[in-house]
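Engineer: Starting off with a structure, shown below.
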Amino acid sequence: MSEAANSNLKRVTLELGGKSPLIIFKDADLDVACQTSLDAIMAYQGQVCCAGSRTFVQEDIYNEFVKRAVKAVESRVIEDVMTTTCEHGPQINETQFKKVLSYIEAGKKEGAKLETGGARHGDQGYFIKPTIFSNVTDDMSIAKDEIFGPVQCIIKFKTLDEVVKRANDTSYGLSAGCLTNDLNTALTLANLLQGGSVWINCWDPATPQAPFGGFKQSGFGKELGEEAVKAYTQVKTVLIKLPGKP
């Protein structure tokens, strides 16, 4: 990336991944919340730049949410992606396969509770069972680092102010989201969360008109939308002195 910028001062736009928070409040529909959270982290086996890899759940519904999430993820069909029934495929290569498994081991050693998964699926290919950790704390490596794998970290929170501070306490800022039926809560989070995209009651509903790109170490510049066009243009200033005018 540095060479691309240094070679001839060419401009670059960078999208560098993230550790995106999905915040679930107690007034959300639990079944919808579980499915949305799994779609956010398990799509493409977690190999998505904007994966919702930190699932913050309000303490009032935390235990029930974990129970339903585990039940939902254990029903996913793991097989060759070329089949029509596949819901969960392999990691991209051996390097990534080993990396994800090493983070799973780190999560167990650091005190997170492995609820399901956490191991290889089968004896061929780079398949990893969809994995859920509960009792995750902000200082654990699985809660701080971009794993890029099918590992859901479910983190408990109490209040809105608390969760905003914790969600923003990261070097990344690609995306964020929340599930709530309270419009005031939704608008407050949309304003306060430090993410290039903030999704309310959904996750990653990409459209060509909506600019996409991150804050902080998640990069700079935008893909999609009018903002993306600006990366391919340059502004010219023309000043003309008129006769008889000072």
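Engineer: Viscosity 0.692 mPa s, temperature 37 °C: Stokes-Einstein D of region 106-190 from its Kirkwood Cα radius, in µm² per second?
Structural biologist: On the way: Rh = 14.8 Å.
Once the numbers are plugged in, D ends up at 222 µm²/s.
Engineer: Continuing with this model, one more query. Ignoring ligands, DNA and RNA, what percent of the 1.4 Å accessible area of the chain is carbon and sulfur? Please list the in-between numbers first.
Structural biologist: Working: 7180 of 13600 Å².
Within the chain, the accessible surface is 53 percent carbon and sulfur.
Engineer: Trypsin sites (Lys or Arg not before Pro), restricted to region 155-246: which are DSSP loop and have at most 11 other Cβ atoms within 10 Å?
Structural biologist: Values: sites: Lys156, Lys158, Lys165, Arg166, Lys216, Lys222, Lys230, Lys236, Lys241; in loops: Lys158, Lys222, Lys236, Lys241.
Counting only loop positions with at most 11 other Cβ atoms within 10 Å, the trypsin sites (Lys or Arg not before Pro) in region 155-246 are Lys158, Lys236, Lys241.
Engineer: Quick one: divide the alpha-carbon radius of gyration of region 28-155 by 2.2 N^0.38 Å and tell me what you get.
Structural biologist: Working: Rg = 13.7 Å, N = 128, 2.2 N^0.38 = 13.9 Å.
For region 28-155, the normalised Cα radius of gyration is 0.98.
Engineer: Within 10 Å of each candidate Cβ there may be at most 16 other Cβ atoms; applying that plus a DSSP loop requirement, which trypsin sites (Lys or Arg not before Pro) in region 46-106 survive? Write down the numbers at each step before the final one.
Structural biologist: On the way: sites: Arg54, Lys67, Arg68, Lys71, Arg76, Lys98, Lys99; in loops: Arg76.
Taking region 46-106 and a limit of 16 other Cβ atoms within 10 Å, the loop trypsin sites (Lys or Arg not before Pro) found are Arg76.
Engineer: Report, to one decimal in Å, the Kirkwood hydrodynamic radius for region 184-246 based on all distinct Cα pairs. Kindly include the intermediate steps, with their values, before the conclusion.
Structural biologist: Numbers: mean 1/r = 0.0669 Å⁻¹.
Mean inverse Cα-Cα distance, inverted, gives 15.0 Å.
Engineer: Moving to a separate point now. Using a Gaussian network model of the chain whose springs link C-alpha atoms within less than 10 Å, name the residue from Gln58, Gln91, Gln124 with the highest mean-square fluctuation.
Structural biologist: Evaluated over the chain, the most mobile residue of the options is Gln124.
Engineer: Before I look further, what does region 124-211 give for accessible area per residue, probe 1.4 Å, in whole square angstrom?
Structural biologist: Working: 3960 Å² over 88 residues.
Here the residues of region 124-211 average 45 Å² of exposed surface.
Engineer: Right, here's the next one. Report, ordered by chain and residue number, the aspartates and glutamates lying within cross-link reach of Lys230, taken as a straight Cα distance under 13 Å and ignoring same-chain residues fewer than 8 apart.
Structural biologist: Lys230 reaches no qualifying aspartates and glutamates.
Engineer: Just to be sure I understand, if you calculate Kirkwood radius over Cα pairs in Å for this structure, which of (i) 19.4; (ii) 21.9; (iii) 21.0 do you get?
Structural biologist: Correct label is (i).
The values are calculated or read from the model by the stated rules, or taken from the named source; none is laboratory data. Note that the structure is a prediction, hence the values are computed from the model and not measured. Cβ sites come from the backbone with ideal geometry, for glycine too, and all protein chains shown count toward neighbours. For accessibility, only protein heavy atoms count, side chains too; no ligands or nucleic acids. Shrake-Rupley method; radii C 1.70, N 1.55, O 1.52, S 1.80 Å.
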